[in-house]
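Below is one structure, written out as structure tokens; comments come after it.
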Amino acid sequence: MGLEITFLGHSGFRLSDGTHALVIDPFLSDNPVAAMSAEQIECDYIALTHGHADHFGDTVEIARRTNATVIAAFEICNFLGERGVTRVEPGNHGGRIQTDFGWVAFTQAYHSSSYEGRYMGMPAGLVISMGGHTFYHAGDTDLFSDMQLIGEIYHPDITAVPIGDRFTMGPQLAARACDLIGAATAIPIHYRTFNLLLQDASEFKPRTATVLELNPGDTHRLT
């Protein structure tokens with residue numbers, strides 16, 4: 001088994017084990033740095049960390065076209081149902097959803113979550129078991145000490161953490177987060193996309209993880 005991780009830009013990823021594919025936070029159409037369009041995305045599942053437009057993105061269009069199952073907060077799933085997306089798996093913090101490829105678990109994240117003025121439930125991080133590996137996407141969040149527990153419970157091989165500052169952790173706090181999580185590899189996300197965000201990862205220096213910078217469209221493989 002193995003895991004193919006393709007960075008879609010901002011906070012988005014496509015994960016594949018060669019049989020199934022899951023997309024996280026598919027913000028593409030209005031993403032100034034996206035390397036592919038929503039029409040190019042093929043997947044069986046979509047997982048959302050929260051409801052902000054730069055994460056919810058093209059979820060409705062992709063789910064309708066591919067018939068993908070959307071894994072997200074209960075409130076987001078209700079919203080999707082009102083827009084004709086019928087394949088949904090609602091969940092919440094601490095819960096785990098079994099899938100054809102493994103499972104997705106929800107963790108806490110310190111942020112907010114709304115879409116077009118509507119409350120979209122609590123923001124979350126996502127732990128994904130696929131292809132014999134565990135991927136922890138922290139979502140949009142501040143640093144919190146229970147990241148150490150997340151690491152101890154799930155033992156992620158690789159983690160994606162926001163470093164862009166202002167709306168999430170900056171690079172110094174994100175580095176501390178990685179030290180708590182304990183994954184061997186850390187991918188910086190949620191930076192460079194807009195002028196208000198940090199534009200480089202030079203100050204992102206975790207002590208315990210190797211930093212893997214990906215450009216939109218880049219793919220990293222775990223064997």
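General observations
- Computed from backbone phi with θ = phi - 60° and the Karplus coefficients 6.51, -1.76 and 1.60, the 3J(HN,Hα) list for the stretch 41-56 is 7, 10, 7, 9, 9, 10, 10, 10, 7, 6, x, 4, 4, 7, 10, 4 Hz; x is used for glycine and proline.
- Taking all C-alpha pairs of the stretch 125-223, those more than 21 Å from each other amount to 26 percent.
- Averaging 1/r over each pair of different alpha-carbon atoms in the stretch 69-188 and inverting the result gives 14.8 Å, the Kirkwood hydrodynamic radius.
- In the chain, taking the dipole from charged Cβ atoms about the Cα centre, the farthest positive-side position among Ile128, Gly18, Leu149 is held by Leu149.
- Rg/Rh for the chain, where both radii come from Cα atoms and Rh is the Kirkwood radius: 0.92
- Computed from the C-beta positions of Glu152 and Asn92 and an R0 of 30 Å, the FRET efficiency is 0.90 to the nearest 0.05.
- With kT/(6 pi eta Rh) evaluated at 20 °C and eta = 1.002 mPa s, and Rh the Kirkwood radius from Cα pairs, the stretch 27-85 diffuses with a coefficient of 184 µm²/s according to Stokes-Einstein.
- Looking at the chain, the DSSP beta bridges with both ends there are about 60 percent antiparallel.
- Long-range HN-HN contacts of Gly9 with modeled amide H, under 5 Å: Gly217
- In order along the stretch 216-223, the phi-based Karplus estimate (6.51 cos²θ - 1.76 cosθ + 1.60, θ = phi - 60°) of 3J(HN,Hα) comes to x, x, 6, 10, 10, 10, 9, 8 Hz; Gly and Pro are listed as x.
Laboratory data are not the source of any read-out in this text; all were calculated from the coordinates shown. Predicted, not measured: the structure shown is a model, and the values here were computed from it. Heads up, the Cβs are rebuilt from the backbone with ideal geometry, glycines too, and the neighbour counts pull from every protein chain shown.
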